[in-house]
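Q: Input: one structure, supplied below.
The values are calculated or read from the model by the stated rules, or taken from the named source; none is laboratory data. Owing to the predicted nature of the structure, the values given are computational and were not obtained by experimental measurement. Positions of Cβ are generated from backbone atoms using ideal geometry, with glycine treated the same way; all protein chains shown enter the neighbour counts. Just so you know, the surface numbers come from the protein's heavy atoms only, side chains and all, with ligands and any DNA or RNA stripped out. Shrake-Rupley method; radii C 1.70, N 1.55, O 1.52, S 1.80 Å.
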Amino acid sequence: MELPLLALRGLVVFPGMVVSFDVGRKKSVLATLRAMEENQLIFLTAQKDLRDDDPGLDGLFSMGVVAQIRQVVKLPGDNIRLLAEGLTRAKVLEETADSPVQLVRVDECKIPDAGRNIAMQTALIRRTRELFAEYSSLSPKPSPDIIYEVIEGAQPGRIADYIAANLYFDFSDKQRLLSILHPVKRLKAVAELLTNECGVMKIEREIAQKVNGQITEHQREYYLSEQLKAISAELNGEDTPQEEAMQYREEIEALGFDKKIADKLISECSKLYRMPHGSQEGTVVRTYLDTVLELPWNKFSRDSRDLGRARGILERDHYGLEKIKTRIVEMLAVHARTGSVGAQILCLVGPPGVGKTSVARSIARCMNRKYARVSLGGVHDEAEIRGHRRTYLGSMPGRIISAIKQCGSANPLILLDEIDKMGSDYKGDPASALLEALDPEQNSTFRDHYLEIPFDLSKTLFITTANNRRAIPPPLLDRMEIVELTSYTREEKFQIARRHLISKQLKRHGLTAKKCKISDGAVYDLIDFYTREAGVRNLEREIAALCRKAVTRLADSETNGADLKQLSIGSKNLEALLGVRKFKPERVALRDETGVVNGLAWTSVGGEIMQLEAAVLPGTGKNVLTGSLGDVMKESAQAAISYIRAKADSLAIERDFYKTKDIHIHATEGAVPKDGPSAGIAMATAFVSALTGIPVRRDVAMTGEISLRGRVLPIGGLREKSMAAYRYGIKKVIIPGENLPDLAEVDAVVKENVEFVPVDHMDTVLKTALICEPPAAIPQASATATLPESVTVFPVASRPGQPLN
């Protein structure tokens, strides 16, 4: 018969044997499924080399078993669990298929008759039963089913197969027994194996008895040494475990725990009381009691409720960040009135280097609370949050309890840093473990696995930080209030450098303002030409590099006797100190170009300008999209093309352009993956410009999603995108009309230098972005949006062919 083949690793199946095993290899899984689709018969044979992951026919034993599949259970992943019953021996004749399922043609082996010598068979069966009984007495007792089958069995072949299948013989010996067809010869081989195994097990028992005798002698020596320790402790006055237990008990009673907690700790003291001196378990109990008693159960730091002092600290420590400062003062005002921070758990979200961690430290200073930072980046074990159970060697409390212990106060401020960078695996999900700690309704009885008793976290103020709110699990995000810290403007970076970074680095390098003077122009050049970031970390590194150069120059002058009193760093000598400029100035293109549009993109480190280039080529109607574009962005491009096809007449575009032209859209910086729908109107504008030959204004940028009917839909990240446009020198930004309320979050300096044009339809986008309208009239947009008073909208031309104002 032709059957699917399943290769077994280290397992031999006998006829009449029901076996359960897991199947994980793809070829084996497919073979199982193939058998289930047909007659549920499968050929099981063992592979010769256990390390071979994909054995061929030469790597398998030719003798195997035809088995019937009784049950298939789906396991996590692609694995399955198979329950099969061996039916008959069979031998492989040839391989009929190798991929994807290995199929073989097998021949059922005919079992010869046992013969007519009944007396010899009976003697052999009795001897085998005696050997089996001896084996059972030397090894762990087999199950009653195995014993019953051996005692009641009357057929030599059946007894041999049953013993071979259920006893712990070597893999090669089992395969040899499977290959023996004659039942009497097979039973003789089983008897020989049982004889050898019994001899080996007798030797093992003798060795074990000798080892036990040595252990008994070691126990006697240990008992005498313990007596000697007790005598020396009595002479030297060392504390005994009983005295230590009584001291712990007094400390527990002095702290005034609840009855349940006190009973738990006193039971540990009683356990220590009964332990001998030097016991290993005694050390574990002492460590546990020390950890519990060192926690600040009834210790609280006195909160400061002075709002004026808090405002002063925030203004002194941070420049800008008005939104977060206002939110912190509001929280402190509520705390001053109610005496509790309540359910306020803030999550500071923003790009790297904008001051999230330092803001949390300033809040602790404002409230006069102890401060501890818990870094969660890369944590993927639940025990890191909730602690390890004491059954494990080297167990310890989780990071939250350790932070409480470090602070020595029951009401500290704990910063959970990088909460968006936690992982999860088979050890648990730390984000789920944080749900209890960050839930005000539950954290009053937070239970650490190591402590095994509840600890009150309701007085603790938790503040978390993240770079990407989308990476935070929704249940955890629901327990926190999001406060966003956005990118710094050029002026904000300058003020931060002047007020904080320069003085900090001068002090760190042993310099003073008299010895090293950095001009304002040099600071602006550092921001423009040597850093490109949302925060100020790289700016601080460049200032540190200048300080190192200054220290070196001053040291060389003292060595050479030049006695350089001051090193002045300005724009002229900046390049000589730091090398060539790392970045070119971001400027608008020199001329208006056809098919080139300034798009706006949001990244985790701030906004960016993304230039989109479109080219129309003679062809057969292919659409080529390059620049590492994601699926959503590709769909936006298709939507833009469909809109242009529907509006081809009004845009003076050939109706069959999608048949006779190839359209290629490319996003610059092709190595950077890009996705999202907000580039829809930018791609549509690039397509129209390339098809009509009308250039796009170089000082216009845009962002918005496009629909098939040309409607402009809202987007996110407007503040970061507008900051990128301001930095790039863009004068006009086209935004969806529904994003008008988001302009309140845009910095005032950006609104002063950039004109925002709200649009509701693609027609208005084209009127604003193209230097002139197509020859055919463009229908007027159905609705116009209203701008706030702080934004100025300039009129656009309405006559075809006339340049836009």
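Q: With a 1.4 Å probe and all protein chains kept in place, how do Lys659, Lys356 rank by accessible area, largest first?
A: Numbers: Lys659 120, Lys356 20 Å².
Per-residue accessible area, sorted high to low, gives Lys659, Lys356.
Q: Please give the FRET efficiency for Lys185 paired with Gln219, using the beta carbon to beta carbon distance and R0 = 60 Å, rounded to the nearest 0.05. Present the calculation step by step, with values, prior to reporting the outcome.
A: On the way: r = 51 Å, r/R0 = 0.85.
About 0.75, to the nearest 0.05.
Q: Rounded to two decimal places and with Rh computed the Kirkwood way over Cα pairs, what is Rg over Rh for the range 318-426? Display every interim value, and only then the final one.
A: Values: Rg = 16.0 Å, Rh = 15.7 Å.
Answer for the range 318-426: 1.02.
Q: How large are Rg and Dmax for the range 1-98 when only the alpha carbon atoms are used, in Å?
A: Cα radius of gyration and Dmax of the range 1-98 are 12.3, 36 Å respectively.
Q: Related question: From zero outward in steps of 5 Å, how is the percent of C-alpha pairs of the range 633-762 spread across the bins?
A: The distribution over the range 633-762 is 2, 10, 19, 22, 20, 14, 8, 4, 1, 0, given as percents.
Q: Continuing with the same structure: Net charge around Met36, counting only other residues with Cβ within less than 14 Å of its Cβ (Lys, Arg = +1; Asp, Glu = -1)?
A: Working: positive: Arg34, Arg70, Lys74, Arg81; negative: Glu37, Glu38.
Surrounding charge for Met36 is +2.
Q: Still on this model: Among 357-363, 179-185, what's the highest-first ranking by average C-beta atoms within 10 angstrom per residue?
A: 357-363, 179-185
Q: Also, I was wondering about something else. Distance from a point 7 Å along Cα→Cβ of Phe300 to each backbone N in the range 247-281: keep the residues under 17 Å and list them by number.
A: 256-258
Q: Count the net charge of all other residues whose Cβ sits under 13 Å from the Cβ of Glu654, scoring Lys and Arg as +1 and Asp and Glu as -1. Please report the intermediate quantities before stating the final value.
A: Numbers: positive: Arg645, Lys647, Arg655, Lys659, Lys661; negative: Asp649, Asp656.
With Lys, Arg at +1 and Asp, Glu at -1, the neighbours total +3.
Q: To continue, here is another question. Need one value: the accessible area of Thr216 in square angstrom, 1.4 angstrom probe, rounded to the nearest 10.
A: Rounded to the nearest 10, that gives 80 Å².
Q: Mind grabbing the base-10 log of I(q)/I(0) for the range 680-725 at q = 0.23, 0.24, 0.28, 0.34 Å⁻¹? Debye formula, identical points on the C-alpha positions, no solvent, two decimal places.
A: Listed by q, the Debye log ratios stand at -0.91, -0.96, -1.07, -1.17.
Q: Same structure again: One quarter of the convex hull surface, Cα atoms only: what value does that give for the range 414-552 in nm²?
A: Details: hull surface 49.9 nm².
Quarter of the Cα hull surface area: 12.5 nm².
Q: Heavy atoms only, probe 1.4 angstrom, no DNA, RNA or ligands counted: give me Glu540, Glu322 ranked by accessible area, highest first.
A: Working: Glu540 40, Glu322 110 Å².
Listed by decreasing accessible area, they come as Glu322, Glu540.
Q: In nm, to one decimal, how far is the modelled label at Glu251 from the one at Glu752, with both set 7 Å along Cα→Cβ?
A: 6.2 nm
Q: In nanometres, what is the gap between the two model label sites at Glu38 and Ala555, each 7 Å from Cα along Cα-to-Cβ?
A: 8.0 nm
Q: Mind checking the dipole of the chain: about its Cα centre, +1 per Lys or Arg Cβ, -1 per Asp or Glu Cβ, Debye to the nearest 20? List each step's numbers first, then the result.
A: Details: 108 positive and 107 negative charges, 400 e Å.
So the magnitude is around 1920 debye.
Q: Something else: Using only the alpha carbons, work out the radius of gyration and Dmax of the range 574-664 in angstrom.
A: For the range 574-664, the Cα-based Rg and Dmax read 18.3, 60 Å.
Q: Here is a follow-up. Describe numerically, in nm with one decimal, the distance between label points set 7 Å from Cα along Cα→Cβ at Arg390 and at Ser20.
A: 3.6 nm
Q: What does the charge count near Met63 come to, summing +1 for each Lys or Arg and -1 for each Asp or Glu among other residues with Cβ under 10 Å from its Cβ? Write out the running numbers ahead of the final one.
A: Working: positive: Arg89, Lys91, Arg176; negative: none.
With Lys, Arg at +1 and Asp, Glu at -1, the neighbours total +3.
Q: If I fit a long axis through the Cα atoms of helix 356-367 and take the longest principal axis of the Cα atoms of the chain, what angle between them do I get, 0 to 90°, rounded to 10?
A: 90 degrees
Q: Based on the mean of other beta carbon atoms within 10 Å per residue, what is the order of 564-574, 697-707, 186-196, most packed first? Don't skip to the answer; put the middle values down first.
A: Working: 564-574: 15.3, 697-707: 24.4, 186-196: 19.5.
Going from most to least packed, we get 697-707, 186-196, 564-574.
Q: Wrap a convex hull around the Cα atoms of the range 265-304, take a quarter of its surface area, and give that in square nanometres.
A: Details: hull surface 13.2 nm².
So the Cα hull casts an average projection of 3.3 nm².
Q: Test of understanding: extend the Cα→C-beta vector of Glu134 to 7 Å, then name every residue of the range 177-207 with backbone N under 16 Å from that spot.
A: Flagged as within label range: 188-206.
Q: For the peptides 16-24, 388-396, what is the packing order when you average, over each peptide's residues, the other Cβ atoms within 10 Å and list the highest mean first? Display every interim value, and only then the final one.
A: Numbers: 16-24: 15.1, 388-396: 12.6.
Sorting 16-24, 388-396 by mean packing, highest first, produces 16-24, 388-396.
Q: Let me ask another. Counting alpha carbon pairs within less than 8 Å and at least 6 residues apart, what relative contact order, in whole percent, applies to the range 406-554?
A: Numbers: 134 pairs, mean separation 32.4, N = 149.
22 percent.
Q: Please give the per residue accessible area of the chain, computed with a probe of 1.4 Å over protein heavy atoms only, in Å². Walk me through the numbers before you get to the answer.
A: Working: 40830 Å² over 805 residues.
Value for the chain: 51 Å² per residue.
Q: Something else: Counting only DSSP beta bridges with both residues in the chain, tell me the antiparallel percent, nearest 5. Please report the intermediate quantities before stating the final value.
A: On the way: 54 of 93 bridges.
Around 60 percent antiparallel, to the nearest 5.
Q: How large is the accessible surface of Phe455 in square angstrom, using a 1.4 angstrom probe and rounding to the nearest 10?
A: 0 Å²
Q: In cubic angstrom, how much convex hull volume per residue do the alpha carbon atoms of the range 56-169 span?
A: On the way: hull volume 19.0 nm³, N = 114.
Each residue corresponds to 166 Å³ of Cα convex hull volume.
Q: Let me ask another. What accessible surface, in Å², does a 1.4 Å probe find on Asp263, ignoring ligands, DNA and RNA and rounding to the nearest 10?
A: Accessible area, nearest 10 Å²: 70 Å².
Q: Which residues does the label zone of Thr626 cover in the range 645-673, counting backbone N under 14 Å from a point 7 Å along Cα→Cβ?
A: Residues 663-672 fall inside that zone.
Q: Next question, about the same structure. Rg/Rh for the range 248-288 to two decimals, with Rh computed the Kirkwood way over all alpha-carbon pairs.
A: On the way: Rg = 10.7 Å, Rh = 10.7 Å.
Taking Rh as the inverse mean 1/r over Cα pairs, Rg/Rh reads 1.01.
Q: Okay, next question. At a Förster radius of 22 Å, what calculated FRET efficiency corresponds to the Cβ-Cβ distance of Thr88 and Leu11, to the nearest 0.05? Kindly include the intermediate steps, with their values, before the conclusion.
A: Working: r = 18 Å, r/R0 = 0.81.
The formula returns an efficiency of 0.80 here.
Q: Can you tell me the convex hull volume per residue for the range 115-205, based on C-alpha atoms, in Å³ to the nearest whole number?
A: On the way: hull volume 7.5 nm³, N = 91.
Output value, Cα hull per residue: 83 Å³.
Q: Can you tell me the FRET efficiency between Glu441 and Asp520 if r is taken as the Cβ-Cβ distance and R0 is 56 Å, rounded to the nearest 0.05? Intermediate values should be presented prior to the final figure.
A: Numbers: r = 53 Å, r/R0 = 0.94.
Result of the calculation: an efficiency of 0.60.
Q: Keeping every protein chain in place, order Trp602, Trp297 by accessible area at 1.4 Å, biggest value first, i.e. largest first.
A: On the way: Trp602 95, Trp297 40 Å².
Result of the area sort, largest leading: Trp602, Trp297.
Q: Turning to a different aspect of this structure: Separation of the range 148-179 and the range 305-323 by C-alpha centroid, Å?
A: 83 Å
Q: Right, here's the next one. Only Cα pairs under 8 Å and at least 6 apart count here; give the relative contact order of the chain as a rounded whole percent.
A: On the way: 1416 pairs, mean separation 53.0, N = 805.
Reported as a whole number, the value is 7 percent.
Q: Heavy atoms only, probe 1.4 Å: what % of the accessible area of the range 334-456 goes to carbon and sulfur, would you let me know?
A: Details: 2370 of 4920 Å².
Answer for the range 334-456: carbon and sulfur cover 48 percent of the accessible area.
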